[in-house]
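Here is the structure we will look at.
The values are calculated or read from the model by the stated rules, or taken from the named source; none is laboratory data. Remember, it's a predicted structure, so these values are computed and weren't measured experimentally. Ideal geometry is used to build each Cβ from the backbone, glycine not excepted, and the neighbour counts take in all protein chains shown. Keep in mind that these areas ignore ligands, DNA and RNA; they rest on the heavy atoms of the full protein, side chains included. Shrake-Rupley method; radii C 1.70, N 1.55, O 1.52, S 1.80 Å.
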Amino acid sequence: MTYGTTRRTVLMTTGAVALAAGCGSESTKSDTSPGSQDLTKTADIPEGGGKIFKDQKVVVTQATKGEFKAFSAICTHMGCTVNQVADGTIDCPCHGSKYHIADGSVAHGPATKPLPPKTITVDGNSIRLA
């Protein structure tokens with residue numbers, strides 16, 4: 001018995017091909033992840049302070065000269081994005097949580113969990129998000 005090509009068969013085949021193509025291009029994207037691009041320059045991160053990168057949802061700090069660290073910029077209390085780094089803390093505008101720039105630990109609640117660390121690499125004067 002011979003069956004003709006139906007609209008459903010064409011759509012299912014087209015969808016499978018598109019899905020397979022999407023998977024292939026996704027792996028290509030991971031080869032050119034944001035970590036392959038500079039996030040900032042070391043000179044842009046003040047000693048004893050830091051800088052927030054809203055698009056990447058990361059904050060980079062330099063508590064001690066030459067020691068750069070990165071943390072999630074999402075407050076662990078209610079998920080707001082932190083908005084400033086001042087006086088040795090990373091501050092959330094929503095409910096007043098503050099985190100130490102040296103290790104992301106809670107300096108002032110209501111947050112009870114530290115900011116999760118992010119991996120960065122420092123190459124010369126460039127800081128890259130890994």
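Within segment 59-70, the set of residues being under 17 Å from SER105 (Cβ atoms) and either out of contact with any strand residue (DSSP E or B) (no Cβ under 6 Å at 6 or more places or on another chain) or open to solvent by less than 10 Å² (accessible area, probe 1.4 Å) (or both) comprises VAL59, VAL60, THR61, ALA63, THR64, GLU67, ALA70. Residues of segment 71-98 that are of a type in the set (Gly, Ala, Ser) and either surrounded by fewer than 17 Cβ atoms within 10 Å (Cβ to Cβ) or within 18 Å of ILE120 (Cα to Cα) (or both): SER72, ALA73, GLY79, ALA86, GLY88, GLY96.
Would you call THR112 over 19 Å from GLU67 (Cα atoms), surrounded by fewer than 18 Cβ atoms within 10 Å (Cβ to Cβ) and among the hydroxyl-bearing types (Ser, Thr, Tyr)? Spelling it out, THR112 is indeed over 19 Å from GLU67 (Cα atoms), surrounded by fewer than 18 Cβ atoms within 10 Å (Cβ to Cβ) and among the hydroxyl-bearing types (Ser, Thr, Tyr).
When segment 48-58 is filtered for residues that are surrounded by 12 or more Cβ atoms within 10 Å (Cβ to Cβ), of a type in the set (D, E, K, R) and part of a loop (DSSP other than H, G, I, E, B), only LYS57 remains.
Among the residues making up segment 80-109, those that are of a type in the set (Gly, Ala, Ser) and within 17 Å of PHE53 (Cβ to Cβ) are ALA86, GLY104. Looking at segment 71-80, can you tell me whether even one residue there is within 18 Å of THR42 (Cα to Cα) and either touching a residue at least 12 places away in the same chain (Cβ under 8 Å) or more than 18 Å from the chain's Cα centre (by Cα) (or both)? Among the residues of segment 71-80, at least one is within 18 Å of THR42 (Cα to Cα) and either touching a residue at least 12 places away in the same chain (Cβ under 8 Å) or more than 18 Å from the chain's Cα centre (by Cα) (or both), which makes the answer yes.
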